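Below is one structure; the comments refer to it alone.
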Amino acid sequence: MRRKRLKHNAFILCHMFCGWRLINSYTRLASLGSGTLEIDALTAGCRFNGEPIEPLFIACEVQHWLLADLAAQEVPVEAIRSAILEARLAFAEVASRARVTKSAHFGADGRHVGGPTFHRCAIACKSELVTDEAVYVAEYDDVEEWPDGWPDAEPDGGGR
């Protein structure tokens, strides 16, 4: 088994969750609120605070990337007993002037989108890939902020 690559996979799962593709799940995440999201990266299955929920777009993105990367590295999927991403989410509403991120937001028309309040989501991610030989763990913390009501629409199909 390629130890370095599987450690890299665990690292990327956390960073990918907190990356730009999370934008397509902002609306659903905001509606879920604070709590613990668990994603099975092999199946895109999701649980929120222990209860099953419909897969989020980001879960499908993570699954697609992991399966493609394993194939590209010639690591059989069957060698992975589990690949779990856990994200502890803490939501707050903050005034525009109280933001800690510098991201700019644009609507479908290309115009800048702002507002008096923003969603702030503090994210504590932990991923764990398990094989018969070892457990690969990574952690990453991030803060995401976006204007209320943004983006206007989410992609259809919940992912790929």
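See the values below:
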read-out	value
Unpartnered cysteines - no second Cys beta carbon under 4.7 Å - across the chain	C18, C46, C60, C121
Label-point separation, R21 to E139 (7 Å along Cα→Cβ), nm	2.4 nm
Mean Cα-pair separation over length for region 18-157, i.e. relative contact order, pairs under 8 Å, 6 or more apart, %	25 percent
Unit charges on C-beta of K, R, D, E only; dipole of the chain, Debye	500 debye
Crossing angle, helix 3-17 versus the chain [Cα axis fit, 0-90 degrees, rounded to tens]	20 degrees
Value at 222 nm in deg cm²/dmol, rounded to 500, when DSSP H runs of n ≥ 4 in the chain each add -39,500 (n - 2.57)	-7500 deg cm²/dmol
Which of H112, H64 is most accessible, then next, and so on - probe 1.4 Å	H112, H64
Longest to shortest principal axis, alpha-carbon extents of the chain, angstrom	51, 29, 27
At R0 = 35 Å, FRET efficiency that the Cβ-Cβ distance of A79 and A124 yields, to 0.05	0.80
Helix axis angle, 57-72 relative to the chain longest principal axis, alpha carbon, degrees	30 degrees
Partners for K102 among lysines (Cα-Cα distance below 29 Å; same-chain residues under 8 apart left out)	K126
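The values are calculated or read from the model by the stated rules, or taken from the named source; none is laboratory data. Remember, predicted model here, so these are calculated numbers, not experimental data. In this analysis, Cβ positions are derived from the backbone assuming ideal geometry, glycine residues included, and neighbour counts consider all displayed protein chains. In case anyone asks, the SASA skips ligands and DNA or RNA and just uses the protein heavy atoms, side chains included. Shrake-Rupley method; radii C 1.70, N 1.55, O 1.52, S 1.80 Å.
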